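What follows is a short report on a single structure.
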Amino acid sequence: MITLFENGIVVTLGTNNKIIWGGSIAVEGENVAGVGDTSALRKRFPKADAIDCAGKLVLPGFICSHHHFYSTMARGMSIPGQPASNFVEILERLWWRLDRALSDEDIALSAQIPLIECIRNGTTTVMDHHASPGAREGSLDLIEAAVRGAGIRASLCYEVSDRNEAGGGIEENRRFIRKTGQGDGQIAAMMGLHASFTLSDQTLEKCVGIARDAEVGCHIHVAEDAADREDAMKKHGIPTVMRLEKLGVSGRKSLFIHCVHIDKDEMDRIVATDTAVVHNPESNMNNAVGVTPLLELLKKGALVGLGTDGMASDMLAQMRCAYLLHRLANRDPRVAFVEAPQLLLQNNSEIASRQFGLRLGAIAEGHPADLAILDYRPPTPLTGDNFLGHLIFGLVDAVVDTTVCRGKILMQDKKILSLDEERISARSRELAPRMWKRL
Ligand SMILES: [Zn+2]
């Protein structure tokens, strides 16, 4: 069966970005069977079912390169006592208490809620980083089931940390990596690591060994706060990136999340080892940890992608946050107009391709059919030359109407088809206060 998404403005992205007014995309199975002018595609696929996309703009589904599904139930939670005054206190008072309190059902619901939000925002691929030391064994299977039920793609890992009994976390990763192997295009596995300052050399060596044998990358927070850098200098006499490289954590398939407090030599090593960096501007602002030297990293040739760090699942909003933050931080209204969209549209696509072995992030014949279809009637001419202006100032506020992943329609006319949103939210509202009491 072939479905034609027709009469929309198709923005293909990819190496040969085309903007096709009155364009159509033919989807067959999990892939795109054709892209082009609507009348041409109707002739080519006369028996196809048609879905009208008039008044809409079609983009490849968005990719989030760093998320924490498990953070969902923190929303609206209050913690008694003085507010945390720095990053380490935020971890100790909030996240390291919350992750311990999660039950199996909390984990499943905590994944389903952001998965609904991903579909609502046209996000079809996510790299998630999970922690639940109170319910560790099998936790990645629970998330996998939620992701498969939702219908999007996800790379999953468990956060190993010496603050907990590290062995259990290592085992959960080992088990899941072995089960997943190189992945099936929908689910991929990585070795999850918390951060340099919570991991001994011995634990890191064990984890890197497992990742190497299975040919998967490591997903780790790097120099998010100055405390991580200071810890590496004090305990190991070298900065964070150097320590991680020395222990074999760097590499083409690895994700270094944040990289706020790194120096020029560390940037050079990130580039030399072809390690991907993931920038999370909203989270960095929320935790008041500092500003990633994004423009410098890009200038040196680093592959920097974009994530939400569990703050949200809306990638266009995250992109605009990066755009605004780096203009302000550099006090320069000439920068970030090209760079912020590049993180989301090109670099996340490259990062996802390394994880899934698929060409994600472009609409092209033979490529996976992952689409975000937004309500958008451009108020000014829209061409390949001014697309970024529409993206940053218009599409960022456009509502996603239809989301397609692996050729399946997951949301149509703004109704989520793959999950029962009402039931899931109601159950989550019921369970969250019980979890809060266990903190
Ligand atoms: Zn994170």
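Comparing 151, 72, 82 along the charge dipole axis of the chain, the residue lying farthest to the positive side is 151, per the Cβ-charge model. Pairwise Cα separations in the chain fall into 10 Å bins from 0 onward with the following percentages, short to long: 5, 22, 32, 26, 12, 3, 0.
Taking a straight line from the alpha carbon of residue 206, these lysines sit under 23 Å away, with near neighbours fewer than eight places off in the same chain left out: 179, 234, 235, 246, 253.
Computed over the alpha-carbon atoms, the stretch 274-323 gives an Rg to Rh ratio of 0.96, Rh here being the Kirkwood radius from the mean inverse distance. The slack in the chain from residue 335 to residue 75, taken as 0.36 nm per residue of separation less the alpha-carbon distance, amounts to 90.3 nm.
Derived scalar couplings between HN and Hα for the stretch 221-232 equal 6, 10, 6, 5, 10, 4, 4, 5, 5, 4, 5, 5 Hz in order, rounded to whole Hz, by the Karplus curve 6.51 cos²θ - 1.76 cosθ + 1.60 (θ = phi - 60°), x for Gly and Pro. Residues in the stretch 228-383 average 39 Å² of solvent-accessible surface per residue, probe 1.4 Å, ligands and nucleic acids excluded.
Listed by chain and number, the lysines whose alpha-carbon sits under 29 Å from that of residue 43, ignoring those within fewer than 8 places in the same chain, are 18, 56, 408.
Considering all C-alpha pairs of the stretch 104-185, those separated by over 22 Å amount to 23%.
When 263, 128, 385 are compared by accessible surface with a 1.4 Å probe, the order from highest to lowest is 385, 263, 128.
Cα centroid separation, the stretch 195-241 to the stretch 321-391: 31 Å.
Electrostatic tally near residue 134: other residues with Cβ closer than 15 Å to its Cβ, Lys and Arg +1, Asp and Glu -1, net -1. Extension gain for residue 202 to residue 427 (0.36 nm times residue separation, less C-alpha to C-alpha distance): 76.9 nm. Between helix 139-150 and the chain, what is the angle of the helix's C-alpha long axis to the longest principal axis, kept within 0 to 90° and rounded to the nearest 10? Approximately 10 degrees, to the nearest 10. Decide, for the stretch 254-407, between rounded, prolate and oblate: order the square roots of the alpha carbon gyration tensor eigenvalues as a ≥ b ≥ c, take rounded if a/c falls under 1.5, and otherwise choose prolate if a/b is larger than b/c, else oblate. Oblate shape, in that a/c is at least 1.5 and b/c is the bigger or equal ratio.
Going by the alpha-carbon gyration tensor, a ≥ b ≥ c the square roots of its eigenvalues, is the stretch 396-439 rounded (a/c under 1.5) or, if a/c is not under 1.5, prolate (a/b greater than b/c) versus oblate? Taking the square roots of the gyration eigenvalues as a ≥ b ≥ c, the stretch 396-439 is prolate.
Pairs of Cα atoms in the stretch 162-259 fall into 5 Å distance bins, from 0 up to the last occupied one, in shares of 2, 14, 26, 24, 18, 10, 4, 2, 0 percent.
A simple charge model with +1 on the Cβ of Lys and Arg, -1 on the Cβ of Asp and Glu and nothing else charged puts the dipole of the stretch 205-363 at about 280 debye relative to its Cα centre. Any aspartates and glutamates with Cα under 13 Å of the residue 415 Cα? List them, leaving off those in the same chain fewer than 8 positions away. Filter leaves 117, 401.
Its residues counted as N, the stretch 320-419 yields a C-alpha radius of gyration over 2.2 N^0.38 Å of 1.23. Both the radius of gyration and Dmax for the stretch 1-53 are 10.3, 31 Å, in that order, over alpha-carbon atoms. Here the gap between residue 88 and residue 271, fully extended at 0.36 nm per residue and compared with their Cα-Cα distance, gives a gain of 63.1 nm.
Expressed as a whole percent, the accessible surface of the chain that belongs to carbon and sulfur atoms is 50, based on a 1.4 Å probe. Average 1/r across all pairs of distinct alpha carbons in the stretch 176-230, invert it, and you get the Kirkwood radius: 12.3 Å.
The values are calculated or read from the model by the stated rules, or taken from the named source; none is laboratory data. Note that this is a predicted model, so its numbers are computed, not measured. A quick note on method: Cβ atoms are made from the backbone with ideal geometry, for glycine too, and the neighbour counts reach across all protein chains shown. Protein only, heavy atoms only, side chains kept; ligands, DNA and RNA dropped before computing areas. Shrake-Rupley method; radii C 1.70, N 1.55, O 1.52, S 1.80 Å.
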